[in-house]
Amino acid sequence: MTRVAVVGAGAVGGVIGVRLAAAGHETSVLARGATLAAIRAGGWRLHTAGGTIVAGPDPHPVTASDDPAALGPQDVVFLTVKAHALPGLAPGLAPLLGPDTVVVPALNGVPWWFFDGLGGPYDGLRLRAVDPDGSVAGTFGTHHILGCVVHLSANVPAPGEVRLTAGDGLILGEPGGGDSERLRRTAALLDGFTVTRSDRIQRDIWYKLWGNMTVNPISALTGATADKILDDELVNGFAHAVMREAAEIGARIGCPIEQSPADRNAVTRRLGAFKTSMLQDAEAGRPIELDAMLTAVREIAGAVGIPTPSLDALLGVTRLAARERGLYPLR
């Protein structure tokens, strides 16, 4: 039996954690506050089109705690917290790690380890935007990391409850590329998901970011759903300018984008009138994932010598608006 811990009992963490527990794996979740209390009292609940799955004392046991030391070393750890929360949490998560623990960061945006194993002149580049003091890299050495891209949509209607609304896709890959036994083993662990094994996971991360890095912050700024952003000619034209800059950066670092912005927006349009994750956070008064989605990209642009006037403008106005609403720290 595989020992698995999920750090963060939000939407993505809930979908992964409840399904792993239901599959019979020894599953733990690191949670706090009302969410921890709800899971302990009534189980961890996943609502899907096919019904509700409950992980708790019965029939699918799950251990919920706010203390990593109480959970102990794991075989696999899924990091499903927001990217901006990880620097503060990482040092305290060390008790979850053994020598061979696989750590799967299922995060939005550019992860701290992105350039580890990427190759080329920027291999090993450190990103202060997502790991300001190096605490994340210091806790999770790259030898632990298995990259992940999440393609599903879910929300949290109440503490301890998650509703899966669309998708079940996960892409996994080694930071240095290629196949491996632990990659195959972790993919098999996620039976029930549509899992793709990637031979260059950074390209998959950059492609997803390319589609999210405009619609997410624009939605947080305006309160608009994705369809309205795409329907506004001026707003969508500005988004295309940001995407062209990001595509140029991707080509420079070895993560080329073959689609046009219009092609990528057509994929987004098929999802309908949805609220982005950043808009959901903004409406709930939660900090937004701006650094992983935009600040890190601007940092990379500076390192590779590509000007990004459109990206700079989007980052600047979104950051200011978020600060005025208490959704982004002053620093």
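With a ≥ b ≥ c taken as the square roots of the eigenvalues of the C-alpha gyration tensor of segment 72-214, please select rounded if a/c is under 1.5 and otherwise prolate if a/b is larger than b/c or oblate if it is not?
Rounded.
Give me the accessible area of Ile205, 1.4 Å probe, in Å² rounded to the nearest 10.
10
Would you compute, from DSSP H runs of 4+ residues alone, the mean residue ellipticity of the chain at 222 nm, taking -39500 (n - 2.57) per run and dividing by the full residue count, rounded to the nearest 500?
Computed ellipticity for the chain at 222 nm equals -11500 deg cm²/dmol.
Relative contact order of the chain, please, whole-number percent, based on alpha carbon pairs below 8 angstrom and at least 6 residues apart. List each step's numbers first, then the result.
Details: 622 pairs, mean separation 49.9, N = 331.
After rounding, I find 15 percent.
Suppose all protein chains stay in the model; what accessible area per residue would a 1.4 Å probe give for the chain, in Å²?
On a per-residue basis, the chain sits at 42 Å².
May I ask you to derive the relative contact order of segment 98-229, considering only C-alpha pairs under 8 Å and at least 6 residues apart, and to give it as an integer percent?
22
Roll a 1.4 angstrom probe over the protein heavy atoms and tell me the percent of accessible area of the chain that is carbon or sulfur.
Carbon plus sulfur share of accessible area: 52 percent.
Sorted by accessible area with a 1.4 angstrom probe, largest first, how do Glu258, Glu283 fall?
Most to least solvent-accessible, the answer reads Glu258, Glu283.
The values are calculated or read from the model by the stated rules, or taken from the named source; none is laboratory data. Since the model is a prediction, treat every value here as computed from it, not as a measurement. We work out accessible area using only protein heavy atoms, side chains counted, and drop any ligands, DNA or RNA first. Shrake-Rupley method; radii C 1.70, N 1.55, O 1.52, S 1.80 Å.
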